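Trainee: Attaching a single structure in structure tokens format; questions to follow.
What follows draws every value from the coordinates through simple rules; no lab data is involved. In this text the structure is predicted, and so the values were computed from the model without any measurement. Virtual Cβ from ideal backbone geometry, glycine too; neighbours counted across all protein chains shown.
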Amino acid sequence: MQRLRPDLTEISPIGSVSIPKPTQVSKDREAEYSARARQGTPLFGIEFKIIDPEGRRLPEDGRTSGELLVRGPWVISGYYKDENATQSAFDAEGWFRTGDVAAIDREGSMQIVDRTKDLVKSGGEWISSIELENAAIGHPDVAEAAVIGLPHPKWGERPLLVIVAKPSREIPPDAVIEFLKGKVAKWQLPDEVVLLSEIPHGATGKVLKTQLREIFKDHRLPTA
């Protein structure tokens with residue numbers, strides 16, 4: 001059983017349940033594990049939808065991802081004495097913007113794929129930082145990876161991949177990009193890979209992308 005996110009108090013106490021349907025429980029253990037790892041289907045009374053940057057509702061085909069909005073009787077209707085925050089948190093129909101990017105399949109099961117603030121918005125398309133990071137972590141010499149978007153004169157933003165090597169390992173940046181080819185779409189490949197000795201973390205161990213953006217605020221991508 002999972003909440004949408006552990007810190008999403010606006011949908012207290014719970015919004016979705018991850019219980020695979022009988023059709024998903026089979027001898028194919030990987031498929032079952034994949035189903036259990038999703039955030040799951042909404043509880044009775046809760047509704048999900050995903051939208052594109054223009055606010056248009058997207059298809060629920062399990063592949064298309066968009067900004068996740070929710071509504072229901074125990075979803076907040078506004079922030080106390082904060083009209084500006086309230087207006088920005090809801091769409092015109094009263095759906096609450098979770099700040100997550102998700103995909104919903106035909107059976108209504110939802111999976112969060114990123115945070116809207118962490119997406120790289122390139123040429124009118126979204127690049128998932130999580131997808132790139134997970135692919136990079138698959139490299140045998142990469143201990144940790146983080147992706148941020150940097151300004152680009154043609155595409156708006158392009159991804160910068162920051163990595164930390166495993167102890168006593170050396171990783172040529174070009175080798176990481178070669179490793180990623182075929183694992184993500186060509187247009188999603190990072191424009192640059194930067195090797196750091198460490199990536200900033202918060203008290204809970206979460207990567208502090210705000211600090212990474214500050215560190216690289218004056219960095220210019222080679223493609224720019």
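Trainee: Quote the relative contact order of the chain in percent (integer), defining contacts as alpha-carbon pairs under 8 Å separated by 6+ residues.
Mentor: Taking the mean separation of contacting Cα pairs over the length of the chain, I get 12 percent.
Trainee: For the chain, what ratio Rg/Rh do Cα atoms give with a Kirkwood hydrodynamic radius?
Mentor: My calculation puts Rg/Rh at 0.99.
Trainee: Same structure again: Give the residue list of trypsin sites (Lys or Arg not before Pro) in the stretch 75-183 that are DSSP loop and have at most 13 other beta-carbon atoms within 10 angstrom.
Mentor: Lys81, Arg106, Lys154, Arg169
Trainee: Count neighbours as other Cβ atoms within 10 Å of each site's Cβ, and list the trypsin sites (Lys or Arg not before Pro) in the stretch 32-72 that are DSSP loop with at most 15 such neighbours.
Mentor: Arg56, Arg63
Trainee: Place +1 on the Cβ of every Lys and Arg and -1 on the Cβ of every Asp and Glu in the chain, take the dipole about the Cα centre, and give the residue among Phe48, Phe90, Tyr80 whose Cα lies farthest towards its positive end.
Mentor: Toward the positive end, the furthest listed residue is Phe48.
Trainee: Do any GluC sites (Glu not before Pro) in the stretch 43-112 lie in a loop, going by DSSP, with at most 15 other beta-carbon atoms within 10 Å of their beta carbon, and if so which?
Mentor: Glu54, Glu93, Glu107
Trainee: Treat every Asp and Glu Cβ in the stretch 9-115 as -1 and every Lys and Arg Cβ as +1, leave all other atoms uncharged, and give the resulting dipole magnitude about the Cα centre to the nearest 20 debye.
Mentor: So the dipole magnitude of the stretch 9-115 works out to roughly 340 debye.
Trainee: Cross-link list Lys117/Lys206; Lys186/Lys206; Lys121/Lys217: which exceed 20 angstrom alpha carbon to alpha carbon?
Mentor: Listed pairs above 20 Å: Lys186/Lys206.
Trainee: Could you state the principal axis extents of the C-alpha atoms in the stretch 119-215, from the largest down, to the nearest angstrom?
Mentor: 38, 31, 19
Trainee: Output needed: percent of Cα pairs per 10 Å distance bin for the stretch 9-115, bins running from 0 to the one holding the longest distance.
Mentor: P(r) for the stretch 9-115, in whole percents per bin: 15, 44, 29, 10, 2, 0.
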